[in-house]
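What follows is a set of notes on a single structure, which appears directly below.
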Amino acid sequence: QVQLVESGGGLVQPGGSLRLSCAASGLIFSRYAMGWYRQAPGKQRELVAGITTGGTPNYADSVKGRFTISRDNAKNTVYLQMNSLRSEDTAFYYCKADRPPLWEYWGQGTQVTVSS
């Protein structure tokens, strides 16, 4: 079965960095667009960054210039490098594999907390 497993979350001080990883299995990874979403308490889940099958990234305005999404098809893994972290980045971060219109899969998520 399809499985997406996130790792790399944790507690970091404002201005610090974290690198999230999402390892995928059970799917032909290169055929899926990948994305990172986040959800804070009391907020809707939002797209943070996405990357196409061709490697083209896109970002939410709130993270442009600070976050970088990348993928390594040989490792079936998508990454989110997060720099200059702010308290507003605190959320549960989810990995998504997307092959519209028929297939969509989510990971279980990993907590990112930005606090001093």
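Computed over the chain, the P(r) tail beyond 19 angstrom holds 40 percent of alpha carbon pairs. Placing dummy labels 7 Å off each Cα toward the beta-carbon, the span from Glu104 to Ser87 is 3.3 nm.
Working from Cα pairs under 8 Å separated by at least six residues, relative contact order for the chain is 36 percent. Expressed as a whole percent, the accessible area of the chain that falls on carbon and sulfur atoms is 46 (1.4 Å probe).
Solvent-accessible surface (1.4 Å probe) assigned to Thr90 amounts to roughly 40 Å².
The values are calculated or read from the model by the stated rules, or taken from the named source; none is laboratory data. What you see is a predicted model; the values in this text were computed from it and never measured. Don't worry about glycine lacking a Cβ; one is built from the backbone with ideal geometry, like all the others, and counts go over all protein chains shown. The accessibility values were calculated without ligands, DNA or RNA, using every heavy atom of the protein model including side chains. Shrake-Rupley method; radii C 1.70, N 1.55, O 1.52, S 1.80 Å.
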